[in-house]
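Here's the structure we're looking at; comments come further down.
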Amino acid sequence: MNRNNQVGMTPETDGAGRPPFLSIHGLHKRYGSGAAILEDVTLEVGAGDFISLIGPSGCGKSTLLKLVSGLTPITQGTITVDGMEPANAREIMSFIFQDATLLPWRTVQGNVELGLELQRTMTVEQRRKKATELLALVGLSDVASRYPRQLSGGMRMRVSIARALATRPRLLLMDEPFGALDEMTRDRLNEELLKLRAEQGWTAMFVTHSVAEAVFLSTRIVVLEAKPGRIRRDIAVPFGFPRNESLRSDPAYLALVGEVSQALRELKKPMSGEGGAG
Ligand SMILES: Nc1ncnc2c1ncn2[C@@H]1O[C@H](COP(=O)(O)OP(=O)(O)OP(=O)(O)O)[C@@H](O)[C@H]1O
Ligand SMILES: [Mg+2]
């Protein structure tokens, strides 16, 4: 049953034996003729899963998201999203990049409408209505007419999230969305993100360097090692939903944070006498 996965995690196939929502098999990636960045990555993600990718800088987390999104070509192996190749699945995916990339000359409202404009499936009126709804959902109705430079970092990230959700993605790819925020803002946005997930039911692949954040948000945590990037651990997070602030002081939560931190420390034990990148 687990033969596809070297770390022995049971893929979340549904009872009907359909393939998992997101399926990555024997994936290898190198840029040009450079060294292997990702090697033999196999990962199966069920619909509704929230997967966090964690691992040292340079291990290939952003690369893996870009491969899933179809932004960069696969060297070897396969990826399917709802049975489609990444390039054909763009309409059901949204990507939130490592730094909130808002258009400075557009208002908050205008930034949220951007994805809908590119889709060209809605009238101006429909787009406006949709963006207004989303801004309410992420608590930004008051600042709809402001420009990005007039917002705090946390607010900018909320705009990015609203923009990504506007196109109703079924797969949300997030690359360290909260990495630049203070801890309190990050904790609050973590809870908001889980509320949005409960309302909208997307599947998520989420990159983070924060173990606490990964445990709080995820249904599974995938630990990657570097040079080449490979899956080292695939750790199930057993807590149910909804989750709220009280989980953060739960002994079982703290124990799992300890376990994932330990898994990361074990990566640092040199296997080839090479130190990791900062
Ligand atoms: N377009 C590219 N061309 C060549 N090499 C690249 C390219 N993009 C990334 N790399 C290399 O691939 C490796 C993995 O990069 P990637 O950005 O996926 O790492 P990461 O795990 O996201 O790191 P971080 O935690 O610092 O964001 C790095 O060695 C990087 O230099
Ligand atoms: Mg990265």
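Would you grab the residues whose amide H sits under 5 Å from the one on R232? Only those 5+ places off in sequence or on another chain, please, with H modelled 1.01 Å from N.
Here the answer is V223, L224, E225, since their amide H atoms fall under 5 Å of that of R232.
Give me the percent relative contact order of the chain, please, defined on Cα pairs under 8 angstrom at least 6 residues apart.
Details: 496 pairs, mean separation 67.3, N = 278.
Rounded, it is 24 percent for the chain.
Which residue fluctuates most in the GNM of the chain (Cα springs below 10 Å): S52, S33, S152?
S33
Rule-of-thumb check for the range 169-278: C-alpha Rg over 2.2 N^0.38 Å?
On the way: Rg = 14.8 Å, N = 110, 2.2 N^0.38 = 13.1 Å.
Dividing the Cα radius of gyration by 2.2 N^0.38 Å gives 1.13.
Express the relative contact order of the range 170-278 as a whole percentage, based on alpha carbon pairs under 8 Å and six or more residues apart in sequence. Intermediate values should be presented prior to the final figure.
Values: 99 pairs, mean separation 25.6, N = 109.
The value is 23 percent.
Could you compute Rg(Cα) / (2.2 N^0.38 Å) for the chain, with N its residue count?
Working: Rg = 18.8 Å, N = 278, 2.2 N^0.38 = 18.7 Å.
Normalised by 2.2 N^0.38 Å, the Cα Rg of the chain equals 1.01.
Dipole magnitude of the range 22-267 about its Cα centre, charges +1 at Lys/Arg Cβ and -1 at Asp/Glu Cβ only, in debye to the nearest 20? Numbers along the way, then the final one.
Values: 30 positive and 28 negative charges, 131 e Å.
So the dipole magnitude of the range 22-267 works out to roughly 640 debye.
For the range 74-109 and the range 189-258, write down the distance between their C-alpha centroids in whole Å.
Using only Cα atoms to place each centre, the spacing works out to 21 Å.
Between the DSSP loop rule and a limit of at most 10 other Cβ atoms within 10 Å, which trypsin sites (Lys or Arg not before Pro) in the range 119-192 are left?
R120
With Cβ to Cβ distances under 11 Å as the rule, what net charge do the other residues near R158 carry (K, R +1; D, E -1)? Numbers along the way, then the final one.
Details: positive: R156, R163, R188; negative: E192.
Net charge in that neighbourhood comes out at +2.
Please give me the summed charge of the neighbours of E113: other residues whose Cβ is under 9 Å from its Cβ, Lys and Arg +1, Asp and Glu -1. All intermediate terms of the calculation are to be shown ahead of the outcome.
On the way: positive: R106, R127, R128, K130, R163; negative: E117.
Local net charge: +4.
Pick from L247, L264, L102: which residue has the top mean-square fluctuation in a GNM of the chain where Cα pairs under 10 Å get a spring?
L247
Given the options T123, A136, L217, identify the residue whose Cα lies farthest towards the positive end of the charge dipole of the range 22-267 (+1 on Cβ of Lys, Arg; -1 on Cβ of Asp, Glu).
Projecting each Cα onto the dipole axis, the largest value belongs to T123.
Once you list every other residue whose beta carbon is under 15 Å from the beta carbon of F95, what net charge do they have if Lys and Arg are +1 and Asp and Glu are -1? Working shown, then result.
Values: positive: K61, K66, R90, R163, R168, R170; negative: E91, D99, D175, E176.
Spelling it out: positives minus negatives among the neighbours equals +2.
Values quoted throughout were computed directly from the atomic coordinates according to the rules given, and no laboratory measurement underlies them. Note that this is a predicted model, so its numbers are computed, not measured. Note that we place each Cβ from the backbone using ideal geometry, even for glycine, and neighbour counts take in every protein chain shown.
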